[in-house]
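Read the structure below first, then the notes.
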Amino acid sequence: MTGTNGNPTAIGVTGCTGRMGRMLLAEIAGTEGCMLAGGTEAPGSRFAGQDLGEFVPGGHGPIGTDAAALFATAQAVIDFTTPAATAAHADLAAKHGRVLVVGTTGLGPSEEAALRAAATKVPVVWAANMSLGVTLLGALVREAASKLGIEYDIEIVEMHHRAKVDAPSGTALALGRAAALGRGVDLDAVSQRVRDGHTGARNPGDIGFATLRGGDVVGDHMVIFAGPGERLEIGHRASNRQIFARGAVRAALWAVGQPPGLYDMKDVLGLSS
């Protein structure tokens, strides 16, 4: 896939020297139809000014700290940074008319509002998990929840590395929303995230979450439908973070040329109903 007029799509990366940033640089460099438009880091970063070629073969040009300059030159920008930075980048995407692909997790109401505002002017692809497999998992969870009655209790179990700071994971919450959508209920009204002490019996219709942290686990997610006499388990295990970079680049290529709107990976894969 290429950009307009058959030219490669110019994609920039914010937070380009972080763990995900470096994987994104490598994915862009290795994907046909892409070219690296540049990368930025936060002001004061020790990597500022270093050449991109030190981080990805074929990269050139200094790593900048001016995100506005990156948005001025790239057709699409991929953002796996922090909630506050993502909100600022959403404003820049709208100002410069650029595609924005967001994989940042832990967004609060104000950051989510910034993405929604930008999506009225430009295409924004926002997903808690850019994995193609997890996207399909969400579709399966929604379908199962719509077919199985309330007598099937839904529990979502996730495990990540010891350094992850938010819980439940953004992916777990997205799976919960998929299950709630399948049942036609509001997740906030049925979510059960904490159990400790004498909790009493489980409330019918609740969607429960269990969070595990330890080691260097990239990301494991399991959705359990526990019914009378049987249990259905649908899960996904990530063994390499490159799957997230691969999905993000695919999303960027897809979004260039789309009308303004807030999209997710289901749209990218043609799974939206």
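Quick one: is Thr171 buried (at least 21 other Cβ atoms within 10 Å of the Cβ), on the phi < 0 side of the Ramachandran plot, polar (S, T, N, Q) and in contact with an Asp or Glu (Cβ under 8 Å, 6 or more places away or on another chain)?
yes
Looking at this structure, is Leu107 in a loop (DSSP other than H, G, I, E, B), in contact (Cβ under 8 Å) with a residue 12 or more places away in the chain, closer than 27 Å to Ala174 by Cβ and not small (Gly, Ala, Ser)? Explain how you work it out, then say what you get.
Numbers: in a loop (DSSP other than H, G, I, E, B): yes; in contact (Cβ under 8 Å) with a residue 12 or more places away in the chain: yes; closer than 27 Å to Ala174 by Cβ: yes; not small (Gly, Ala, Ser): yes.
Here the answer is yes, as Leu107 does meet what is asked.
Which ones in the stretch 23-59 are in contact (Cβ under 8 Å) with a residue 40 or more places away in the chain, within 24 Å of Ala84 (Cβ to Cβ) and part of a helix (DSSP H, G or I)?
Correct list: Met23, Leu24.
For the stretch 186-273, which strands (runs of 3 or more DSSP E) that fit wholly inside it have 2 or more residues that are buried (at least 19 other Cβ atoms within 10 Å of the Cβ)?
207-213, 219-227, 230-238
Among the residues of the stretch 74-87, is any touching a residue at least 40 places away in the same chain (Cβ under 8 Å), assigned by TED's automatic domain parsing to the domain that holds Ala248, charged (D, E, K, R) and buried (at least 22 other Cβ atoms within 10 Å of the Cβ)?
Within the stretch 74-87 (the criterion being touching a residue at least 40 places away in the same chain (Cβ under 8 Å), assigned by TED's automatic domain parsing to the domain that holds Ala248, charged (D, E, K, R) and buried (at least 22 other Cβ atoms within 10 Å of the Cβ)), the answer is yes, since at least one residue qualifies.
Residue by residue, here is whether (1) of a type in the set (D, E, K, R); (2) touching a helix residue (DSSP H, G or I) at 6+ places or on another chain (Cβ under 6 Å) holds:
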| position | (1), (2) |
| --- | --- |
| Asn7 | no, no |
| Ala10 | no, no |
| Val13 | no, yes |
| Gly21 | no, no |
| Glu32 | yes, no |
| Leu36 | no, yes |
| Ser45 | no, no |
| Gly49 | no, no |
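The values are calculated or read from the model by the stated rules, or taken from the named source; none is laboratory data. In this text the structure is predicted, and so the values were computed from the model without any measurement. When we count neighbours, we look across all protein chains shown, and the Cβ atoms used for this are built from the backbone with ideal geometry, even at glycine.
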